[in-house]
Amino acid sequence: MTDARFQDGAEVPIRLRAETPDDLPVISTLIQDAVAPTSEMSWLAKHRRFALLINRFRWEDHDAAKAQNRPFERVQSVLGVDGVLKVRSNGVDPSDKDLIVSLLALEFEAGEDGAGTLTLMLAGDGAIALDVECIDVTLTDVSRPYKAPSGKAPTHDLS
């Protein structure tokens, strides 16, 4: 009998939760280069919930797709944030329902007693800032993976 190997594990949809600043980099990495129309953004002030349906690039599959010479994939996911007290945006017109935003990262600036500001950094110098009671972020895949329409992996000019 041999031990199980990582490669033997079944691939399943991602369902992650962040509750501390140390948890956020994992979700931030997975949503890098996700795209979403502003029409798929929702803030339910009464329920203190902000949600965004994103089409995220499957970074967790990038190396395997490249090695197997198969198409890169995206998957629809819901990025949800609970305990949201206020939402602000810079460089984004939420009334423009045809606008497509591209996520670059999640950042958190701590305030008092676990509260703070969670910022969704967007390509093109845009940002969506969420004032939160505490960090309560979920990332849940809600569709099966599909071939990335561009057929390419996102690239970033670092110069």
Limited to the range 78-87, what total is found for residues that are more than 22 Å from N55 (Cα to Cα) and part of a strand (DSSP E or B)? 3
Filter the range 121-136 for residues that are open to solvent by less than 30 Å² (accessible area, probe 1.4 Å) and over 17 Å from L16 (Cα atoms); the one that is nearest to the chain's Cα centre (by Cα) is L122
The range 92-104, residues that are open to solvent by less than 70 Å² (accessible area, probe 1.4 Å) and farther than 16 Å from I54 by Cβ: D96
Output the qualifying pairs, or none if there are none: Cβ atoms under 6 angstrom, residues six or more apart or on different chains, first residue in the range 135-158 and touching a residue at least 12 places away in the same chain (Cβ under 8 Å) and more than 16 Å from V78 (Cβ to Cβ), second residue of a type in the set (F, W, Y) and open to solvent by less than 60 Å² (accessible area, probe 1.4 Å). A148/F72; A153/F72; P154/F57
Restricting to the range 91-104, name every residue that is of a type in the set (A, V, I, L, M) and part of a loop (DSSP other than H, G, I, E, B). V92, L99
Counting only residues in the range 78-87 that are closer than 21 Å to V26 by Cβ and of a type outside the set (D, E), the one surrounded by the fewest Cβ atoms within 10 Å (Cβ to Cβ) is identified as V78
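A quick yes/no check of all residues on (1) out of contact with any helix residue (DSSP H, G or I) (no Cβ under 8 Å at 6 or more places or on another chain); (2) open to solvent by 40 Å² or more (accessible area, probe 1.4 Å); (3) closer than 14 Å to E19 by Cα; (4) assigned to a strand (DSSP E or B):
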site: Q76; (1), (2), (3), (4): yes, yes, no, yes
site: S89; (1), (2), (3), (4): yes, yes, no, yes
site: L106; (1), (2), (3), (4): no, no, yes, yes
site: T119; (1), (2), (3), (4): yes, no, no, yes
site: T138; (1), (2), (3), (4): yes, no, yes, yes
Scan the range 40-63 residue by residue and report those that are open to solvent by 60 Å² or more (accessible area, probe 1.4 Å) and either touching a residue at least 40 places away in the same chain (Cβ under 8 Å) or part of a helix (DSSP H, G or I) (or both). E40, W43, K46, H47, R48, W59, E60, D63
What's the total number of residues in the range 140-158 that are among the hydroxyl-bearing types (S, T, Y), under 27 Å from L118 (Cα atoms) and part of a loop (DSSP other than H, G, I, E, B)? 2
Looking at the structure I just gave you, is K66 farther than 21 Å from L16 by Cβ, open to solvent by 80 Å² or more (accessible area, probe 1.4 Å) and in a loop (DSSP other than H, G, I, E, B)? no
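The values are calculated or read from the model by the stated rules, or taken from the named source; none is laboratory data. Fair warning: this is a prediction, and the values are worked out from it, not measured in the lab. Note: ideal-geometry Cβ built from the backbone for every residue, glycine included; neighbour counts use all protein chains shown. Accessible surface is based on the protein model in full, side chains and every heavy atom, while ligands, DNA and RNA are left aside. Shrake-Rupley method; radii C 1.70, N 1.55, O 1.52, S 1.80 Å.
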